[in-house]
Amino acid sequence: MKIPIIGQTIGLLMMSNIFMTVAWYGHLKNLSSKSWWIAALLSWGIALFEYLLQVPANRIGYTVYSLAQLKILQEALTLIIFVPFAMFYMQQPFKLDYVWAGLCLIGAVYFIFRS
């Protein structure tokens, strides 16, 4: 069974976003007592895996979608990954602003993909 281009792109971008979110923000919880350069080195190591997924995702997606469509899709997926990470891993409270931001991104996805 062949996975459609949109499915491959979304799947790879979602996995990429998990690594990206951990690399960007995970050190705030786990390494807050360590020097910033230790957190940076660890984050760079994690970010490598993000790039190993993100680059093929964009190359696959770019065969069908425009650059702007890929960017907006990535931003929408970032919020989908970030909110559970913030709430469950970083113990941040849910905010109604997440809903409003999500609705704005749904609008962005609609407008960029409508043509």
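The values are calculated or read from the model by the stated rules, or taken from the named source; none is laboratory data. On a predicted model such as this, the values are computed, not experimentally measured, just so you know. Note that each Cβ is placed from the backbone with ideal geometry, even for glycine, and that neighbours are counted across all protein chains shown.
Here are the numbers for the structure shown:
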item: Positions within the range 67-100 being in contact (Cβ under 8 Å) with a residue 24 or more places away in the chain and among the hydroxyl-bearing types (Ser, Thr, Tyr), in sequence order; result: 78, 89
item: Those helices (runs of 4 or more DSSP H) lying entirely in the range 8-90 with at least 1 residues out of contact with any helix residue (DSSP H, G or I) (no Cβ under 9 Å at 6 or more places or on another chain) and at pLDDT 95 or above; result: 36-61, 67-84
item: Residue check, residue 93 closer than 27 Å to residue 106 by Cβ, outside any helix (DSSP H, G or I) and of a type outside the set (Phe, Trp, Tyr); result: yes
item: In the range 75-115, residue farthest from residue 22 (Cα to Cα) [restricted to those that are surrounded by 14 or more Cβ atoms within 10 Å (Cβ to Cβ) and hydroxyl-bearing (Ser, Thr, Tyr)]; result: 98
item: Enumeration of residues in the range 74-115 that are over 27 Å from residue 55 (Cβ atoms) and touching an Asp or Glu at 6+ places or on another chain (Cβ under 8 Å); result: none
item: Only listed residue being more than 16 Å from the chain's Cα centre (by Cα) and either closer than 24 Å to residue 108 by Cα or surrounded by 13 or more Cβ atoms within 10 Å (Cβ to Cβ) (or both), chosen from 39, 23, 68; result: 39
